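A.B. asks: What follows is a structure written as structure tokens; I'll ask about it next.
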Amino acid sequence: MSEASNRRLFERHLPAGAVEYCFSLWKELGFNFKVTRKRQSKYGDYRYDPSSRTHAISVNHDLNPYAFLITYIHEVAHLFNFEKNQRKVSPHGKEWKLEFKRLMLPLLREEIIPMDVLSPLAKHMKNPKATSTADKNLFVALRNHDQNKSGLLLKEVDTGTKFLFNKKVYRKLEVRRTRSLCELTSNQKKYLISETAPVQVFKN
């Protein structure tokens, strides 16, 4: 994709104050960048193709500008981490965390990110998790900026509560990182469901 096309993507999806910085990272690293359809299992992705020795980063199109920015920097940190350490370290280990912090630091300003997001984000960056959805305070702050927010996400449902998902009734049992162990009430079978799955609280 051309420089002009990528710049337009950044301008369309990022906070205005972050466009130049994110564009300069793309120019410096030369990775393939793509804005994708919504994916329930992840917000973004980083991949390295050993056959062509190319890097690729994708981010979901439906994220609000601040979630898009955090996801983009998260994935660029994976690229830097890979170039320095290849596959010798954990994908979300201390080396990745250092890269993520380094890349995010210039963006932690109220001119770029509103204070209601900046405050939980600054706390999150002290020890960033593998996904922003694992940090409830940051997740809620980011979701407040979604334009088409409707209903609940499983993350917002209390443990022990029944909910509707794909026209079936489940009970939330326990949280396991980015997914929850849930029981299908009709047969008591257990399933792992993404914490970001859209649900409805079940009412008798």
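A.B. asks: Would the range 86-106 turn up any residue that is aromatic (Phe, Trp, Tyr) and modelled with pLDDT of 90 or more?
C.D. replies: yes
A.B. asks: Moving on. Could you list all residues from the range 11-46 that are closer than 11 Å to Ser58 by Cα and either touching a Gly at 6+ places or on another chain (Cβ under 8 Å) or among the acidic types (Asp, Glu) (or both)?
C.D. replies: Asp45 - this is the single residue of the range 11-46 that is closer than 11 Å to Ser58 by Cα and either touching a Gly at 6+ places or on another chain (Cβ under 8 Å) or among the acidic types (Asp, Glu) (or both).
A.B. asks: Report whether or not Lys126 is of a type in the set (D, E, K, R) and within 20 Å of Leu103 (Cα to Cα). Full working, then the answer.
C.D. replies: Details: of a type in the set (D, E, K, R): yes; within 20 Å of Leu103 (Cα to Cα): yes.
So Lys126 fits the description; yes.
A.B. asks: Go through the range 24-67 and give me each residue that's of a type in the set (Gly, Ala, Ser) and under 22 Å from Leu121 (Cα atoms).
C.D. replies: Selection gives Ser41, Gly44, Ser58, Ala67.
A.B. asks: Ok, one more. Report yes if some residue within the range 115-133 is farther than 30 Å from Cys22 by Cα, surrounded by 17 or more Cβ atoms within 10 Å (Cβ to Cβ) and either touching a residue at least 24 places away in the same chain (Cβ under 8 Å) or hydroxyl-bearing (Ser, Thr, Tyr) (or both); otherwise report no.
C.D. replies: Looking for residues that are farther than 30 Å from Cys22 by Cα, surrounded by 17 or more Cβ atoms within 10 Å (Cβ to Cβ) and either touching a residue at least 24 places away in the same chain (Cβ under 8 Å) or hydroxyl-bearing (Ser, Thr, Tyr) (or both), one finds none in the range 115-133, hence no.
A.B. asks: Could you check the range 43-77 and list, in sequence order, the residues that are within 17 Å of Leu138 (Cβ to Cβ) and either touching a His at 6+ places or on another chain (Cβ under 7 Å) or without any contact (Cβ under 8 Å) to a residue 24 or more places away in the chain (or both)?
C.D. replies: The answer is Gly44, Asn64, Pro65, Tyr66, Phe68.
A.B. asks: Among the acidic types (Asp, Glu) and exposed (fewer than 12 other Cβ atoms within 10 Å of the Cβ): does that describe Asp158? Spell out the reasoning first.
C.D. replies: Values: among the acidic types (Asp, Glu): yes; exposed (fewer than 12 other Cβ atoms within 10 Å of the Cβ): yes.
Yes, satisfied.
A.B. asks: Counting just the residues of the range 65-80 that are over 13 Å from Ala130 (Cβ atoms) and more than 11 Å from the chain's Cα centre (by Cα), which one comes out surrounded by the most Cβ atoms within 10 Å (Cβ to Cβ)?
C.D. replies: Within the range 65-80, the match that is surrounded by the most Cβ atoms within 10 Å (Cβ to Cβ) is Val76.
A.B. asks: Then there's this: How many residues does the range 1-57 hold that are over 28 Å from Lys155 (Cα atoms) and crowded, with 16+ Cβ neighbours inside 10 Å?
C.D. replies: Qualifying residue count for the region: 16.
A.B. asks: For the range 169-189, name all the residues that are in a strand (DSSP E or B) and surrounded by 12 or more Cβ atoms within 10 Å (Cβ to Cβ).
C.D. replies: Across the range 169-189, the qualifying residues are Val169, Tyr170, Arg171, Lys172, Leu173, Val175, Arg179, Ser180, Leu181, Cys182, Glu183, Leu184.
A.B. asks: What is the residue count in the range 87-113 for residues that are assigned to a helix (DSSP H, G or I) and of a type outside the set (A, V, I, L, M, F, W, C)? Quick ask: steps written out before the conclusion?
C.D. replies: Within the range 87-113, the subset assigned to a helix (DSSP H, G or I) is 94-107.
Among the residues that remain, those that are also of a type outside the set (A, V, I, L, M, F, W, C) are: 94-95, 97, 99, 101-102, 106.
Summing the residues that are assigned to a helix (DSSP H, G or I) and of a type outside the set (A, V, I, L, M, F, W, C) in the range 87-113 gives 7.
A.B. asks: Moving to a separate point now. Only one residue in Tyr72, Tyr43 is hydroxyl-bearing (Ser, Thr, Tyr) and modelled with pLDDT of 95 or more, so which one is that?
C.D. replies: Only one candidate passes the filter, namely Tyr72.
A.B. asks: Given the conditions (1) aliphatic (A, V, I, L, M); (2) over 16 Å from the mean Cα position of the chain (by Cα); (3) not assigned by TED's automatic domain parsing to the domain that holds Asn64, and given that Leu107 satisfies all but one, which numbered condition is not satisfied?
C.D. replies: Status for Leu107: all satisfied but (3).
A.B. asks: From the residues in the range 114-133 that are within 26 Å of Pro198 (Cα to Cα) and either outside the structural domain of Ser24 (by TED's automatic domain parsing) or not in a helix (DSSP H, G or I) (or both), which one is farthest from the chain's Cα centre (by Cα)?
C.D. replies: Pro114
The values are calculated or read from the model by the stated rules, or taken from the named source; none is laboratory data. Given the structure is predicted, the values throughout are model-derived calculations rather than measurements. In this analysis, Cβ positions are derived from the backbone assuming ideal geometry, glycine residues included, and neighbour counts consider all displayed protein chains.
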